Amino acid sequence: MKTIHHLVLAAAALSASAQAADNVVRLGNLKFAHYGAVSYIKEIAPKCGIKVEENMFAKGPDVMQAILSGDLDVGATASEAAISGRANGAPIFIVAGFAKGGARLVARPDGGIKSVKDLKGKKVGVTRGGIHEVLLYAQLAKHGLSWSDSPGKDVHVIYLAFADLNQALLGKNLDAIMQSEPQSSQAINKGFGMEVMKPYDTPIGEPVRTLVMSEKFYKENRATAAKFMNCFVQATKLFIDNKAAGEKYVRETMFKNQITKDDFEDAIANSPYTYDISIEHIQTTTDVMAKTGTGKMRVPPVAKDWVKTDLLEQAKKSLSVQ
């Protein structure tokens, strides 16, 4: 009897352990102001009935790699990284958008760069594998400028991490950068950068940052996936409705007071939080990527096959969010 009792207890413990594991969501995120609401999900996760383990990455393609290796269930990234990931076999679905915009072409104030055409003969920095690379090439193509990562074309493109672009501009190693937020706002507010443009006049418009989910998690952990999306909508609604709460969390918790109030406000003005994503937007972004040769796509994915917003719509409806 004692053995049976122990077996029952062991089985119950295993079941509880499996249930606990089912309620854990492994989230990949990036350290940008407009990724703040996604980061905040872990703070309110317990009241959603889940536990969120957040892992920070340097850039979107790194998030894709972690999903591919099975280390993440959900990832926050620019659409370009999601699209190129899916194109090259990543088993993911786009399940929501979480921010719009978030890009700016910033030049040295003493460089005489007033428009994209003035980039001819200049060195321009961008992070490889992000939506900023796509936006830069779309702008150059629109203005009839050629580009290469070695001298010889109209524009010499230098690839650097987001964190290094400002330093290179400050040190006058670059003439301009296509930068994210809050780094572009910081460059402008500190006086070593000036805005040339917000690059939203290509077919892409304002790029939408994407929340992606592994197919396995989406299909096999529906209950937990639904709870996570409910939490995502709650966190996003808070950051949209209560700007002070969003600012406090991003400035103090994410950036440890390394960005100012002005940096935050300017950044979010250029990268507002959202919930939504459309099949049309992802398809257009895919088409521009194919045209400009970014993303190294084996087969450009068809947006309607992998943009799945049913969990988002369900969460918004349950929380009476428009």
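Side notes on the structure shown:
- Probe 1.4 Å, protein heavy atoms only - accessible area per residue of region 189-301 in square angstrom: 47 Å²
- Around the amide H of Met197, modelled in the peptide plane, lie the amide H atoms of Leu105, all under 5 Å away and 5 or more residues distant in sequence or on another chain.
- Whether region 113-237 is rounded, prolate or oblate, judged on the alpha carbon gyration tensor where a/c under 1.5 counts as rounded: prolate
- Overall form of region 47-110 per C-alpha gyration tensor (a/c, 1.5; a/b vs b/c): prolate
- Whole-Hz ³J(HN,Hα) from phi, Karplus 6.51 cos²θ - 1.76 cosθ + 1.60, for region 222-239, glycine and proline x: 4, 5, 5, 4, 5, 5, 4, 5, 4, 5, 4, 5, 4, 5, 5, 4, 4, 5
- Taking amide H as placed 1.01 Å from N in the peptide plane, Ser271 has its amide H under 5 Å from the amide H of Gly102, each at least 5 places away in sequence or on another chain.
- For region 68-151, the normalised intensity computed at q = 0.20, 0.25 Å⁻¹ comes to -0.99, -1.31 (log10 of I(q)/I(0), Debye sum over alpha carbons, equal scatterers, no solvent).
- Karplus (6.51, -1.76, 1.60) ³J(HN,Hα), θ = phi - 60°, over region 84-100, in Hz, Gly and Pro reported as x: 5, x, 5, 4, 9, x, 5, x, 10, 10, 7, 10, 6, x, 9, 6, 10
- Amide H contacts under 5 Å for Glu54, placed H, 5+ residues apart: Leu27
- Centre-to-centre, using Cα atoms only, region 103-153 and region 51-74 are separated by 29 Å.
- Computed from point charges on the beta carbon alone (+1 for Lys and Arg, -1 for Asp and Glu), the dipole magnitude for region 26-69 about its Cα centre is near 60 Debye.
- Projecting the Cα positions of Tyr159, Gly102, His143 onto the charge dipole of the chain (unit charges on Cβ atoms of Lys, Arg, Asp and Glu, taken about the Cα centre) puts Tyr159 furthest along the positive direction.
- R0 of 30 Å, Cβ-Cβ distance Lys117-Arg298: FRET efficiency to nearest 0.05: 0.30
- Note, ³J(HN,Hα) from phi for region 157-172, Karplus 6.51, -1.76, 1.60, rounded to Hz, x at Gly and Pro: 8, 10, 8, 9, 5, 3, 5, 9, 4, 4, 4, 5, 5, 4, x, 6
- With contributions of -39500 (n - 2.57) from each DSSP H run of at least four residues, the per-residue ellipticity at 222 nm computed over the chain stands at -13000 deg cm²/dmol.
- Computed in the context of the full set of protein chains, the accessible area of the chain at 1.4 Å probe radius has 53% of its extent on carbon or sulfur.
- Here the relative contact order of the chain, from alpha carbon pairs under 8 Å that lie six or more residues apart, stands at 27 percent.
- Cα gyration tensor shape of the chain, rounded if a/c is under 1.5, else prolate or oblate by comparing a/b with b/c: prolate
- Dipole check for the chain: with +1 at the C-beta of Lys and Arg, -1 at the C-beta of Asp and Glu, and the Cα centre as origin, the magnitude is about 180 Debye.
- Extension gain for Lys47 to Asp276 (0.36 nm times residue separation, less C-alpha to C-alpha distance): 80.1 nm.
The values are calculated or read from the model by the stated rules, or taken from the named source; none is laboratory data. Because the structure is predicted, anything quoted here is derived from the model rather than measured. Ideal geometry is used to build each Cβ from the backbone, glycine not excepted, and the neighbour counts take in all protein chains shown. For accessibility, only protein heavy atoms count, side chains too; no ligands or nucleic acids. Shrake-Rupley method; radii C 1.70, N 1.55, O 1.52, S 1.80 Å.
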